[in-house]
Amino acid sequence: MAKLYAELSSDKVGRTVSKGANEAIEIKLYKGNTLHTTIYFSEGERLGYHLDVHSPVDGYTIIK
């Protein structure tokens, strides 16, 4: 199984930050101190890819 990577960048500085993981990556997006959205990505040998996007602010969850 290949190693997973997340690459994050913003319009403020333009520098890219990347982190690696073995099985799952979780990205939390905040507006001020309030959690706006959580993005969860994982890869499993039996189940393939799993993507979950949850926004407690907007009240929706997308699962693929």
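Of note:
- With contacts taken as Cα pairs under 8 Å at a separation of at least 6 residues, the chain carries a relative contact order of 21 percent.
- Note on the stretch 23-64: dipole from Cβ charges, positive end direction compared against L51, I63, H36; the farthest Cα belongs to H36.
- For the chain, the Cβ-based charge dipole about the Cα centre amounts to some 200 debye (Lys, Arg positive; Asp, Glu negative; other atoms uncharged).
Every number in this text was worked out from the coordinates using simple rules, so none of it is lab data. Only a predicted model underlies this, so the values are computations on that prediction, with no experimental measurement involved. Cβ sites come from the backbone with ideal geometry, for glycine too, and all protein chains shown count toward neighbours.
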